[in-house]
Amino acid sequence: MIDQLIFIALPYTAAALAIVMTIVRWRTNRFTYSSLSSQLLENSILSWASVAWHYAILIILLAHLGATVFPGLWARLLGGRFQLYVLEITGLGLALLSIVGLGLFIWRRLALRRIRAVTTRGDWLLLIALLAQVILGFLVASLYRWGATWYLHTATPWLTSLVRLDPNITALVPLPWLIKLHFAGGFVILALLPFTRLIHAITLPIGYLWRPYQIVVWNRRQTRANRG
Ligand code: HEM
């Protein structure tokens, strides 16, 4: 029963919430579709943390997606023992990098009073949920080896069955609770998407590629020095 709740009810509820509430937020409060910046208040820790976190998590999530959408290709990629080692070690390295990045985000908000003042409860909830999820991912990858392979026989059939609207959780039932927690955590984060600053993840600024030039005009009297 608990497995049905976690692996069927939670994913569909999270997906429905994410889709409906994202549209509602777009229609009612479009200008909040970005991550409220605290960059002007502190920039040096933010830029290091941001690079570490975004690159690491993007690659990790692309690998999750690749193994789900192209399981055949993924299995061929893992063909030999050497490839498997490289992939697992890279995954663990990236997981550590993402934990450091997120840890810095959190430390910066805790330690600097002016940043703490602009941090909402939603921000804290999101940061803690993400940290728990990446630490769980790291633990799963280190304690239950060769996750890149067994992902194909557990997560892939489950996730694709959810998309086909014909949920099949047989492969998940016998899994250890740590792995179950990580799988469920993915959908808890999906549910948080429309309610937190995570919404910025779906607004890639690709419009910049074709938007017209921006002409910046100084709106102040030119002094003799900057004129000549
Ligand atoms: C339902 C969704 C998800 C499933 C089924 C899933 C499954 C897995 C599995 C099986 C591993 C072990 C891979 C290995 O040993 O090589 C793993 C690792 C990891 N996961 Fe997830 N995950 C999900 C969502 C997420 C999300 C949303 C995040 C981050 C926000 C995340 C972050 C990580 C990290 C940091 C690792 C360790 C690095 C790695 O080995 O790739 N996962 N995940």
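The values are calculated or read from the model by the stated rules, or taken from the named source; none is laboratory data. Keep in mind that this is a model prediction, so the values were computed, not measured. Please note: Cβ atoms are built from the backbone with ideal geometry, for glycine as well, and neighbour counts cover all protein chains shown. Protein only, heavy atoms only, side chains kept; ligands, DNA and RNA dropped before computing areas. Shrake-Rupley method; radii C 1.70, N 1.55, O 1.52, S 1.80 Å.
Tell me, yes or no, whether region 91-106 has at least one residue that is assigned to a helix (DSSP H, G or I), of a type in the set (Phe, Trp, Tyr) and free of Cβ contacts under 8 Å to residues at least 24 places away in the same chain.
Scanning region 91-106 turns up no residue that is assigned to a helix (DSSP H, G or I), of a type in the set (Phe, Trp, Tyr) and free of Cβ contacts under 8 Å to residues at least 24 places away in the same chain.
Within region 140-189, which residues are of a type in the set (S, T, N, Q) and open to solvent by less than 20 Å² (accessible area, probe 1.4 Å)?
154, 156, 161
Among the residues in region 66-82, are any open to solvent by 90 Å² or more (accessible area, probe 1.4 Å), part of a helix (DSSP H, G or I) and within 11 Å of the ligand (Cβ to nearest atom)?
Scanning region 66-82 turns up no residue that is open to solvent by 90 Å² or more (accessible area, probe 1.4 Å), part of a helix (DSSP H, G or I) and within 11 Å of the ligand (Cβ to nearest atom).
Just checking, does region 114-121 include any residue being within 13 Å of the ligand (Cβ to nearest atom) and among the polar types (S, T, N, Q)?
No: zero hits.
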